[in-house]
Amino acid sequence: MSGAQFRGTVLIRSRLRWTRASAALLAVLIIVAGCARHATTPPPSQVNIYYCKAGSDQLVRMPFTADAKLKGPALATYALNQLLAGPSVGRDSLVLFPSGTQATVNIDGSVATVNLSGPIARSFQSGAGDEAGLFKSLTYTMTSLPGITSVQVLVDGNKRAALPGGHFELDEPLTRDTFAQ
């Protein structure tokens, strides 16, 4: 082999090694970049919304998927909105908040304060069993969220003894024990 052929062979081998090394480095960078992108997207979280069966005090738990970034008041608002909207199926067998009911929620320590407004704040005519079912659903839904142990209900921004036309006592925070009797 002549000197020129030897140098050409070495040069070709050197380029081949550089190309292989570059390709391997590029593959590693693509894999690492792909892993980093996936690691920053948290999986969705599950929120349990509780509805009371009509004519009983039995609860039905329905899981909903929430954005994993929702925490604290944002997660509580999401859960409350799902409760007020009602499920997409089986609505006839459940006690639901009147259509048009609106609510906001604030969290202070372990207490979720839910302010109800709309039709439910004007008059409640569905009976004591359904009224208890609504507040049981609200209490179980809110207390299923991390850190919440009780629910203070406000009606149009004020503490009230009960809903207008209602019977269920609302002047004290509600807990799951409220419904254990």
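The values are calculated or read from the model by the stated rules, or taken from the named source; none is laboratory data. Just so we're clear, the structure is a prediction, and the values are computed from it rather than from any experiment. Here the Cβ positions follow ideal geometry from the backbone for every residue, glycine too, while neighbour counts run over all protein chains shown.
Miscellaneous remarks
- Residue match in the range 149-158 (condition: under 27 Å from ASP67 (Cβ atoms), touching a residue at least 12 places away in the same chain (Cβ under 8 Å), in a loop (DSSP other than H, G, I, E, B) and touching a helix residue (DSSP H, G or I) at 6+ places or on another chain (Cβ under 9 Å)): yes
- The single condition among (1) of a type outside the set (Lys, Arg); (2) closer than 19 Å to GLY165 by Cβ; (3) outside any loop (DSSP other than H, G, I, E, B) that GLN125 does not meet is (3).
- Among the residues of the range 74-94, those that are surrounded by 16 or more Cβ atoms within 10 Å (Cβ to Cβ) and assigned to a helix (DSSP H, G or I) comprise LEU75, ALA76, THR77, TYR78, ALA79, LEU80, GLN82, LEU83, LEU84.
- Taking the range 59-71 as the range and being surrounded by 14 or more Cβ atoms within 10 Å (Cβ to Cβ) and not in a loop (DSSP other than H, G, I, E, B) as the test, the residues that pass are LEU59, VAL60, MET62, PHE64, ALA66.
- Of the residues making up the range 97-119, at least one is closer than 21 Å to TYR51 by Cβ and in a helix (DSSP H, G or I).
- Verdict on LEU163 being out of contact with any Pro (no Cβ under 9 Å at 6 or more places or on another chain), assigned to a strand (DSSP E or B) and surrounded by 17 or more Cβ atoms within 10 Å (Cβ to Cβ): no
Here is a yes/no grid of residues against (1) surrounded by fewer than 16 Cβ atoms within 10 Å (Cβ to Cβ); (2) aliphatic (A, V, I, L, M); (3) at pLDDT 95 or above:
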{"site": "LEU96", "(1), (2), (3)": "no, yes, no"}
{"site": "LEU116", "(1), (2), (3)": "no, yes, yes"}
{"site": "GLN125", "(1), (2), (3)": "yes, no, no"}
{"site": "SER137", "(1), (2), (3)": "no, no, yes"}
{"site": "SER150", "(1), (2), (3)": "no, no, yes"}
{"site": "ASP171", "(1), (2), (3)": "yes, no, no"}
{"site": "LEU174", "(1), (2), (3)": "no, yes, yes"}
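- Check on THR141, surrounded by 15 or more Cβ atoms within 10 Å (Cβ to Cβ), assigned to a strand (DSSP E or B) and of a type outside the set (Phe, Trp, Tyr): no
- THR104 being surrounded by fewer than 21 Cβ atoms within 10 Å (Cβ to Cβ) and under 26 Å from PRO44 (Cα atoms): yes
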